[in-house]
Structure formats: C-alpha cells, structure tokens
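Take a look at the structure below.
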Amino acid sequence: MSVAGAPQVRMDLSAASQGFRMPAEWDPLACVWLVRPHNEETWPGCLPQAQAEWDAWRRAMEPVVRVRTTDELGIPTNDSWIRDFGPVFVRDAAGRVAAHSFTFNGWGGKYEVRSLDDAVPDRLAPTLDMPLWRHDFVLEGGSIDSNGHGSLLTTRQCLENANRNPEAGGVGIERMLCEALGVTNLIWLPGGIEGDDTDGHVDDLARFVRRDMVAAVRAPAGHPDHDMLEANWKALRAARDERGQPLELVELPCPEPRHHAFPADRFGPGGTRMVPASHANFLFANGHVFVPAFGGPSDEIACRRLEQASGCRAIPVMARWLVVGLGSLHCLSCQQPAAGA
C-alpha cells in the first residue's frame, strides 16, 4: 500500500485488495468533487448556459453534502468529467477510505492526450491523507456501478473495447475489478445509448438503487435506443446479485430524443447529433438523489420512481445544456465516501 504524499509505485493488485471494497453511492459521503464546465469545445456555443445549470446544481447540493472543486486546490484539468478521471474510492470494514488512480486515455483515445485530467488523482492525493494505488489499467468511473456488497454493473461495449485494455482479455479485466474494488460478482450488460462517446458507460443505462435493486432505462419501440436498452433489460432479468438472488428491477423512462447542432472542430465534422440524455445519470448524496431533468414529462416520472425505489429524496436538476457535453450529473461528479464504521 502506498500512502498519499509518500513515494508511490505501481502496485501488484493483490497488495491493493486487502479488505477494501467500492462502497455504494448512497452510503454517507464526506464530499462530492466537481469541476465547473470550462472547455468551450465540449459545450460549443453554450458554455455559459451549461455553467448556469452547473451553478444551480451546486447550490442545490450544498445544503446536503460538502462540495469541493479542483479549482480550490489549484489543480488544472482539460475538462470537467471528473467521474471518469478522478479517484475511484474504496473503504474497508473499519471505515478507512482509500483510493485508486486508474489510467485515463480520453475514452479510448477519441480526443487529444488529456494528461491534466489523468493526473488529477495524484494531485488530489496529498490533500486527502489516505492510501492511493496507481494502475496502468484504463478505467473510467462512469463505466462501473457498485451496490457496496460486492456486485458491480458494467458493459462489455466499454470494458472489453479494444481501445481500453486490449491485452487484458475478459479474464484479466474481471481479475482487475475483483481485486482492486473488492468485487465478487460482475453483471455485464451489452452496451450503451446513442450520442454517448464513452463506448457505453453504465451510468447512462442502469444503476443500483439498493443492494438488490437496479433502476434501468427503457425506451419505446421506434426510439433509437430501444433495441440496446431491451438487450440490457434482458441481461438484468437474468442476472443475480452476490448472494445468487435475482435483482428487483425499476424501469426508468427515456427522455424524448434530444439533438444539438455541433460545429465542425478538430475532432471531426459538424452536424446535428443526438445527445445522451438519460435519467440514469443521477447522483446519490446523503439521503438525496439528484436527477438530471430535460424539461419533458419523463422528468417527474423518473424522480418519483427513484424516490420510491431508493427511499432518498429526489431533486430534479435541469441538464438540457450540460448534456450537450455528452454527459450530465453523474459524469460531472466524483463522490468521496465518509470515513468511519
């Protein structure tokens, strides 16, 4: 185990797995880490609107949980998706909190090298006073979701993609997740939704809301995401938790398809494209669940179902401009669990 502030080396996974497990997001939080939208290429022509939505979200969270930003520590970033490049926190039975620093390669090398983003866990470490393990393995936080008891949701489209860890293979990927995150049970879904540039992150698709319950998005026939979301639903119905028990499923509605006219830029030609609006991109925080809203009838339905399923108070957060960046609340946040039993 390497300690923040001390010389750190890349550790064998067996040394990093001693009793630590990725907790559930609804467990008590010490804080939520955010990065305010600042990259104009990510929000072309609408950065001020995205910032206004982010500011409103932060204000809504502050009475519930401590909100911290990389800016307050003078840590620069290429972009704001701290879910994917920030630390992945774990906790042991004694309540000690530690973190993993996985490699971030810009969602499979789709964009320029994002060395500032990739360095964030190491820059945060000296301020957190907790163990930190570094890995060559490519992993984004939005690609995994934990029930806190050893079950993990993910997608084959992302984790088995050749642009992430081509040498690892399925067995190597499972070994990494099990040993680093204290996982005993992996639930694999086929893939993701239209407009998502992450190759199918699970936090737009299906999320644990209790140990044995998953909220998953479904779309009506004719919707661009219908077939993939039905394949995911079928996989969830066949899945079992870490005790071998079937999962209880809660259906989340799919928002009306949203599109944005993107200008041509250095990453590709412009054009009107669908953006990945999803009510599954919610964030739990200390008895509350912050739900991305898009101004349609599905907003109220999603909030009501998540509140009933989780027992947490649902708070809608408008994300019509945030999602132009191809993500929303969960993608833009990184929760740090509270220490203590």
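Any read-out appearing in this document is the output of simple, stated calculations on the displayed coordinates, not a laboratory observation. Computed from a prediction, not measured in an experiment: that's the story for all the values here. Every residue, glycine as well, gets a Cβ built from its backbone with ideal geometry; the counts of neighbours run over all protein chains shown.
General observations
- Under the Debye formula (equal points on every Cα, no solvent term), log10 I(q)/I(0) of the chain at q = 0.08, 0.12 Å⁻¹: -0.33, -0.80
- Protection proxy ranking, highest mean first, for peptides 244-252, 268-276, 124-132: 124-132, 244-252, 268-276, where packing is the per-residue count of other beta-carbon atoms within 10 Å, averaged.
- Our summary gives the chain a relative contact order of 23 percent, counting only alpha carbon pairs under 8 angstrom and 6 or more residues apart.
- The calculated FRET efficiency for the pair His259 and Arg313, based on their C-beta separation and a Förster distance of 30 Å, comes to about 0.40.
- Nitroxide proxy distance, nm - points 7 Å out along Cα→Cβ at Ala168 and Asp122: 1.9 nm
- Over the range 279-341, relative contact order from alpha-carbon pairs under 8 Å, at least 6 apart, %: 36 percent
- The range 271-324 and the range 88-113: distance between their alpha carbon centers, rounded to Å: 24 Å
- In terms of packing, defined here as the mean over residues of other Cβ atoms within 10 angstrom, the peptides 254-265, 317-328, 32-43 line up highest first as 317-328, 32-43, 254-265.
- Distance between the pseudo-spin-label points of Arg218 and Glu72 (7 Å out from Cα toward the beta carbon): 4.2 nm.
- Label point distance in nm, Phe267-Arg175, each placed 7 Å from Cα along Cα→Cβ: 3.4 nm
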